Amino acid sequence: MTGRRLRRLWRIVDDLAGRSHHRVVGIMLRQLEQNQEAVDLAIDVVTRAVPSATGRARMGDIEHAGDDHRRQLVIELAASLTTPIDREDLFRLSRSIDDVLDNLRDFVRENDLFGAPTVDAAVPALIAVREGLALLRRALQQLVDHPTDVADLVLAVRKRAGVVRRVYQEAIGQLLAGDVTSEMLRQRELLRRIDVVGLRLAECCDALADAMLKRIV
């Protein structure tokens, strides 16, 4: 038996034993770790623990690492015979996680471009995102061995995404009650970017919830 055929045989045995499921989830967890690092960096930038220009540079490295994990997932999905949920749902979830990271990157970039204006509502909104990402991580960790626990965790993530939206709405209401100035417009744009982060987090919930519903059916 050639080395190539032997590797293929071991791959089939691996898949049938369920180890490919853990590999797929492991890659997605590493992708999610980049999001968690990104939101921590965004909070540091907003609270001025990290200068905006420095945060912008660091965010670029985090984004590249996230993209690498996404590419690894595509390769793993192409090679795996079985997956814990449908491949298209895994790809959709991975894309939504990537969208969260992309918008966190844009928030930090725009914050630097706009001269790092003070946006008080940014911190509670970003904290809600961080909590949502932590819950999403727990959901992924339960995906293979304890799938029945995933639904409650997905609901908890969605609630955190809802907090982001409420913080955004209240902050926008306060801004619009004042005069229209360049500072107000900069704050509005940054708040909108955080709101989009929350929307992308909600899309992660939709992707995982749809996948689990298919699994039950």
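The values are calculated or read from the model by the stated rules, or taken from the named source; none is laboratory data. On a predicted model such as this, the values are computed, not experimentally measured, just so you know. FYI the Cβ positions are ideal-geometry reconstructions off the backbone, even for glycines, and counts take in every protein chain you see. Quick note on the areas: whole protein, heavy atoms, side chains included, nothing else; ligands and nucleic acids left out. Shrake-Rupley method; radii C 1.70, N 1.55, O 1.52, S 1.80 Å.
Annotations for the structure displayed:
- The C-beta contact set for region 65-78 (first residue open to solvent by 70 Å² or more (accessible area, probe 1.4 Å), second residue in a helix (DSSP H, G or I), distance under 6 angstrom, 6+ apart or interchain) comprises GLN72/ILE27.
- In a residue-by-residue description of region 193-200, the property of being among the small types (Gly, Ala, Ser), open to solvent by less than 60 Å² (accessible area, probe 1.4 Å), more than 22 Å from the chain's Cα centre (by Cα) and closer than 19 Å to VAL46 by Cα applies to no position.
- Picking from residues in region 138-157 that are open to solvent by 40 Å² or more (accessible area, probe 1.4 Å) and part of a helix (DSSP H, G or I), the one that is nearest to CYS204 (Cα to Cα) is LEU155.
- Against the numbered list (1) surrounded by 19 or more Cβ atoms within 10 Å (Cβ to Cβ); (2) closer than 23 Å to VAL45 by Cα; (3) touching a residue at least 60 places away in the same chain (Cβ under 8 Å); (4) not aromatic (Phe, Trp, Tyr), ALA207 comes up short only at (2).
- Residues that are β-branched (Val, Ile, Thr) and either open to solvent by less than 20 Å² (accessible area, probe 1.4 Å) or within 13 Å of the chain's Cα centre (by Cα) (or both) within region 90-129 comprise ILE97, VAL100, VAL108, VAL119, VAL129, listed in sequence order.
- Here THR82 clears all of (1) open to solvent by less than 50 Å² (accessible area, probe 1.4 Å); (2) touching a Ser or Thr at 6+ places or on another chain (Cβ under 7 Å) except the condition numbered (1).
- Candidates ALA128, ALA139, ALA122, ALA151, filtered to the one that is in contact with a helix residue (DSSP H, G or I) (Cβ under 8 Å, 6 or more places away or on another chain), small (Gly, Ala, Ser) and modelled with pLDDT under 95: ALA151
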